[in-house]
1. In the neighborhood of L66, defined by Cβ-to-Cβ distances under 12 Å, what is the net charge if each Lys or Arg adds +1 and each Asp or Glu adds -1?
2. Between E34 and N54, what is the spin-label point distance in nm, taking each point 7 Å from the Cα along the Cα→C-beta axis?
3. With label points built 7 Å along Cα→Cβ from the Cα atoms of V26 and S81, find their separation and express it in nm.
4. Of the GluC sites (Glu not before Pro) in the stretch 10-91, which ones lie in a loop per DSSP and count no more than 16 other C-beta atoms within 10 Å?
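Taken together, the values in this text are just the output of simple stated rules run on the coordinates, not laboratory data. Everything quoted here is computed from the prediction, not taken from an experiment. Using ideal geometry, Cβ is built from the backbone for each residue, glycine included, and neighbour counts are taken over all protein chains shown.
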Amino acid sequence: MGLLYVAYPMEPILEDISAEVANINVPTELLAGELDLVDSIERHKTEVLAYLPNAEFKIIKGSGHLIPIDEPYELAKEIASFMGGLLLSRNNA
């Protein structure tokens, strides 16, 4: 058992963020790890995405909860693609 496993909580931390999430009014992309055992894809959909009806939702294949560690290149590609789309839509407006 590695140090990260011991130090990282394996049970979801129950925190109601719905009020804060509902106040987000900028283009948003929600990313979820396909293999996330802490916050499942279904949980992302019901507890976060439900409050962000205009958000893009992407699943990072092969990643668990720690996307920047599990799939850093895929994460960078998703962020670059999302930001590139924002720039294109801004330039076409």
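1. Values: positive: none; negative: D36, D39, D70, E71.
Within the 12 Å Cβ shell, the charges total -4.
2. Modelled inter-label distance: 3.1 nm.
3. Inter-label distance under the simple model: 2.2 nm.
4. Within the stretch 10-91, the qualifying GluC sites (Glu not before Pro) (loop, at most 16 other Cβ atoms within 10 Å) are E15, E34.
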